[in-house]
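Throughout, read-outs are computed from the coordinates displayed, never taken from laboratory work. Bear in mind that the values here come from a model prediction, so they are computed numbers and not experimental data. Here the Cβ positions follow ideal geometry from the backbone for every residue, glycine too, while neighbour counts run over all protein chains shown.
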Amino acid sequence: MRASGSFSTAVEDLSKKALKVIFMIKRKFHCTHNNTPLLLKLFDSCVKPVLLYGSELWGPYILNLDKRLTQGSNDDLEKTFLNFAPEKVHIRYCKYVLGATKYALNIASMAELGRYPISIFVILQSLKYWLYLYKDPLLNFSKLAYKSIEEVDCTFPCTFNKHIFKFLKLINFDHVWNNKGTMSEGKLISAVKKILQERYGNYFFSCLSGEKQNKLRTYYKLKEEYKPETYTKLNIPKQYVRQLCKLRISNHNLHIEKGRYNKTPLDQRICTHCIDNKIEDEFHFICECNLYHEEREKFYDDIVNIIPCFCNLDNFDKFKYLMNCSETDVLTRFLIYIDKCILIRHSSVGIIA
Ligand SMILES: [Zn+2]
């Protein structure tokens, strides 16, 4: 803690310690097969306790709930979540789990895994701590300290109490503040968790809508529900997860994305692997490009044997079905098809170069 009373140094220190734990996980659990569920469990059980140690107390100050919620707009709470210093460690870990690069958009990397901001966990912990403090306030030192703060609350600009009060007001839970002790802890925590997760889900889809002309134009068409995607849970080679994730969240090197970095106008990001004169985007790569025609024919024949009506779908519906597929036998074949296409593309780029 700094002389000013700021917790930021402590939070930086905890982030560094959490990164060391992540480094150890990467060393010990390096695997060629997808181990996403295990890696996420390890984050929650080994990294989060280090990263958020004592956060029930410092969380509301670092989130600066009092000030931000006073000045902010309605979605300011969710923006605050994503700017929360420990969230950066969480997001970095999500990208590592998915095999995405640092250029992948943060909200998309979390959404593929169905992960919510860890700020939600911090707020719930703070609420639990607040409930603990005001019950029987004369029992120990921390409760006595809380009682003293409550008595002088109005003279201090930013106390733990005020952060909690502003937060409850923001989510229309004033009644909890006004009638302390009338709601059971379990019900309050699960109700607040539900509200915060719903709010974040809505915020995510509004961001996605704002990105529909930009980097997440394909993801906007695909992502319909805030949940972990099936492919992230399958026992398959890790590279398959990485390849599909990168195509879904536009973190690949097709021309549509490479052109963004060298500022090529959108209509000039043309596929150089066929003569169709079309933009090389995810749809063209999966469903149209002639370079992969042979592999595609074999793959489609295979899928029709499993789902006969697949051949009746138009190209975009095929694309959407495959990219969102949750049927393991189809999905596994699709992942192998993508892998083959990427290999073909690599060798084609090599010949051209
Ligand atoms: Zn092409």
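For the chain, the longest stretch holding no chymotrypsin sites (Phe, Trp or Tyr not before Pro) located in a DSSP loop with at most 14 other Cβ atoms within 10 Å is which? The segment 104-353 is the longest one with no such site.
Taken along the Cα-to-beta-carbon direction at a fixed 7 Å, the label points for residue 102 and residue 198 span 3.8 nm.
Taking 189, 118, 275 in turn, the Gaussian network model of the chain (Cα-Cα springs below 10 Å) assigns the largest fluctuation to 275. Rounded, prolate or oblate: pick one for the range 252-352, where a ≥ b ≥ c are the square roots of the eigenvalues of its C-alpha gyration tensor, a/c under 1.5 means rounded, and failing that, prolate if a/b is larger than b/c, else oblate. It comes out prolate by the Cα gyration axes. Length available on full extension from residue 184 to residue 209: 0.36 nm per residue minus the Cα-Cα distance, which gives 5.2 nm.
Computed on the chain, with alpha-carbon pairs under 8 angstrom and 6+ residues apart, the relative contact order is 17 percent.
Longest exposed-loop-site-free stretch of the chain, with GluC sites (Glu not before Pro), DSSP loop and at most 14 other Cβ within 10 Å? Answer from the scan: 1-223. Working note: Karplus 6.51/-1.76/1.60 with θ = phi - 60° gives the range 214-220 the couplings 10, 4, 9, 4, 6, 4, 4 Hz, where Gly and Pro are set to x.
Our coupling estimate for the range 269-280, obtained by passing each phi through the Karplus curve with A = 6.51, B = -1.76, C = 1.60 and θ = phi - 60°, is 8, 7, 5, 9, 9, 8, 9, 6, 6, 10, 5, 7 Hz, Gly and Pro reported as x. Remark: relative contact order (the range 210-336) = 26 percent; criterion is Cα-Cα distance under 8 angstrom and separation of 6 or more residues. Cross-link pairs exceeding 19 Å between alpha carbons, from the set 238/278; 79/166; 221/318; 169/227: 238/278; 169/227.
Residues whose amide H comes within less than 5 Å of that of residue 270, counting only those at least five positions distant or on another chain, are 280 (H built at 1.01 Å from N in the peptide plane). Which of 273, 175, 255 moves most in a GNM of the chain, Cα contacts under 10 Å? The residue with the greatest mean-square fluctuation here is 175.
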